[in-house]
1. For the subset of region 1-35 comprising residues that are under 10 Å from ALA59 (Cα atoms) and of a type in the set (Lys, Arg), which member is modelled with the lowest pLDDT?
2. Restricting attention to region 10-28, which residues are exposed (fewer than 14 other Cβ atoms within 10 Å of the Cβ) and either more than 12 Å from TRP64 (Cα to Cα) or aliphatic (A, V, I, L, M) (or both)?
3. Going by the structure shown, is THR60 among the hydroxyl-bearing types (Ser, Thr, Tyr) and either within 16 Å of ASN3 (Cβ to Cβ) or touching a residue at least 40 places away in the same chain (Cβ under 8 Å) (or both)?
4. GLU41 fails exactly one of the following numbered conditions: (1) surrounded by 12 or more Cβ atoms within 10 Å (Cβ to Cβ); (2) without any contact (Cβ under 8 Å) to a residue 24 or more places away in the chain; (3) of a type in the set (Asp, Glu). What is the number of that condition?
5. Among the candidates LYS40, LYS52, LYS18, single out the residue that is basic (Lys, Arg) and in contact with a helix residue (DSSP H, G or I) (Cβ under 6 Å, 6 or more places away or on another chain).
Amino acid sequence: MKNKGLQQYRFKQNPLEKKFAEVWEEDNKFHRTLDFLLAKEINHPKDGDVSKRDREVAATIIQWLGSPVGESFVRGVLGVTDK
C-alpha cells in the first residue's frame, strides 16, 4: 500500500475503515487523486509534489472516515441521523 494510514491494526475490528483505506489506495493508483490535489501546478502533478508524510496523513484521515467516530462525522455532514 503506497497510501498507508496509521493504526491499520484497527481494520480487523472496523471493516469499514479497511474499506475506506482500500478504496483510497485504488483510487490513487488509477486517478492519482492526492497527486492532483497537492500539485504545485494545477492539473500537472510532478514527482516530489507529494511527500511520504502527505500520503500518510491523507490516508489516515480517509481511513478515519470509516471509523465509528468518522462515520458519525460523515453522517452529521450529510444530515443522516439514523443508522
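1. LYS2
2. Our first condition is that a residue be exposed (fewer than 14 other Cβ atoms within 10 Å of the Cβ); within region 10-28, this holds for 12-13, 15, 19, 23, 26.
If the condition is that a residue be exposed (fewer than 14 other Cβ atoms within 10 Å of the Cβ) and either more than 12 Å from TRP64 (Cα to Cα) or aliphatic (A, V, I, L, M) (or both), then LYS12, GLN13, VAL23, GLU26 are the ones that fit.
3. Values: among the hydroxyl-bearing types (Ser, Thr, Tyr): yes; either within 16 Å of ASN3 (Cβ to Cβ) or touching a residue at least 40 places away in the same chain (Cβ under 8 Å) (or both): yes.
In short, yes.
4. In the conditions (1) surrounded by 12 or more Cβ atoms within 10 Å (Cβ to Cβ); (2) without any contact (Cβ under 8 Å) to a residue 24 or more places away in the chain; (3) of a type in the set (Asp, Glu), GLU41 misses (1) alone.
5. Values: LYS40 fails: in contact with a helix residue (DSSP H, G or I) (Cβ under 6 Å, 6 or more places away or on another chain); LYS52 fails: in contact with a helix residue (DSSP H, G or I) (Cβ under 6 Å, 6 or more places away or on another chain).
Unique residue meeting the criteria: LYS18.
The values are calculated or read from the model by the stated rules, or taken from the named source; none is laboratory data. Bear in mind the structure is a predicted one, so any value in this text is a computation, not a measurement. Counting neighbours? That spans all protein chains shown, and the Cβs are built from the backbone with ideal geometry, glycine included.
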